[in-house]
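A short write-up of the structure that comes next.
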Amino acid sequence: MAASPYDDAFYARELARGRHREIVGGRWDETGEAQMVALRAAGLLPGHTLLDIGAGSLRLGCKAVPYLEPGHYWATDASRAILLAGHAAELADPARLDPSQLIEDARFDFPGVPDTITHAIAFAVFPHLPMAMLRRAMTGLRRFSRLERFLFTVFLAPDAVTAARPYRQPDGVVTHDIRPPYHLLEADVHGFAAQTGWIATRETMRLPRGQVLFTAVPA
């Protein structure tokens with residue numbers, strides 16, 4: 001995806017240095033646990049099926065795979081190499097996750113993902129991408145007829161005037177409207193949700209780096 005700051009050369013260089021955790025931004029245990037807390041609060045049970053969008057080196061996967069029944073975790077990322085690096089290094093029992101369920105997908109087309117998905121999460125994905133990609137992802141997810149909840153995070157700016165310039169988030173990250181890390185308006189989130197057949201709710205859970213969690217349900 002041309003808009004992403006990550007490309008094949010970046011992944012190859014960082015993976016060769018053994019930095020599969022650092023690629024996804026650090027705070028490994030804290031962030032993975034925050035995702036599991038949010039998913040359990042959204043009703044995720046071991047018998048459900050989870051799609052982890054932008055899963056990276058399985059920061060969430062290393063916790064979700066043991067929690068879910070075998071075969072109930074699917075993951076996508078722009079780089080399959082980083083998915084496989086996480087599979088090799090981070091799973092306590094790699095046999096619980098078939099590598100065929102780790103899918104390269106930079107366009108939110110979700111190729112090969114079955115219509116058994118009940119929950120989806122995209123954590124710290126959209127701050128790296130122009131906001132139209134959120135709309136694209138929400139459109140693509142509508143094909144999953146059993147999907148109950150889609151959790152995703154964004155950075156927000158408080159108003160349109162502030163959004164037009166760099167904005168310092170509560171944890172100190174400076175976000176922007178036309179380059180990464182991106183912010184958008186809460187009204188944009190609700191607008192994209194309405195356009196693509198979702199109802200989005202802003203959650204109050206505090207997340208690493210000041211990201212804001214939304215939960216979307218089919219309209």
Assuming P66 fulfils every condition listed in (1) surrounded by 23 or more Cβ atoms within 10 Å (Cβ to Cβ); (2) closer than 26 Å to T215 by Cα apart from one, which condition is it?
-> (1)
Is it fair to say L156 is free of Cβ contacts under 8 Å to residues at least 60 places away in the same chain and either under 18 Å from the mean Cα position of the chain (by Cα) or on the phi > 0 side of the Ramachandran plot (or both)?
-> yes
Name the pairs whose Cβ atoms lie under 7 Å apart, with the first residue in the stretch 203-219 and within 26 Å of G140 (Cα to Cα) and among the polar types (S, T, N, Q), the second open to solvent by 10 Å² or more (accessible area, probe 1.4 Å) and not in a strand (DSSP E or B), and 6 or more positions between them or separate chains?
-> Q211/A124; T215/A42; T215/E203
Residue count, the stretch 194-215, condition under 12 Å from V154 (Cβ atoms), of a type outside the set (D, E) and modelled with pLDDT of 95 or more, comes to 5
Any residue at all in the stretch 92-111 that is assigned to a strand (DSSP E or B), in contact with a His (Cβ under 9 Å, 6 or more places away or on another chain), under 22 Å from Y73 (Cβ atoms) and open to solvent by 20 Å² or more (accessible area, probe 1.4 Å)?
-> no
Criterion violated by Q195 - all others in (1) part of a strand (DSSP E or B); (2) under 27 Å from R146 (Cβ atoms) satisfied = (1)
Residues of the stretch 186-216 being open to solvent by 40 Å² or more (accessible area, probe 1.4 Å) and either within 19 Å of A124 (Cβ to Cβ) or in contact with a strand residue (DSSP E or B) (Cβ under 8 Å, 6 or more places away or on another chain) (or both), in sequence order, are E186, D188, H190, I199, T201, R202, E203, T204, M205, R206, R209
Residue identified as free of Cβ contacts under 8 Å to residues at least 12 places away in the same chain and within 18 Å of the chain's Cα centre (by Cα) among A132, A187, A137 = A132
Checked the stretch 147-185 for anything in a helix (DSSP H, G or I) and either open to solvent by less than 40 Å² (accessible area, probe 1.4 Å) or under 27 Å from V37 (Cα atoms) (or both); matches are T162, A163
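The values are calculated or read from the model by the stated rules, or taken from the named source; none is laboratory data. Because the structure is a prediction, the values reported are computed rather than measured. We place every Cβ from the backbone using ideal geometry, glycine too, and count neighbours over all the protein chains shown. Areas reflect the complete protein model, heavy atoms only, side chains present, ligands, DNA and RNA absent. Shrake-Rupley method; radii C 1.70, N 1.55, O 1.52, S 1.80 Å.
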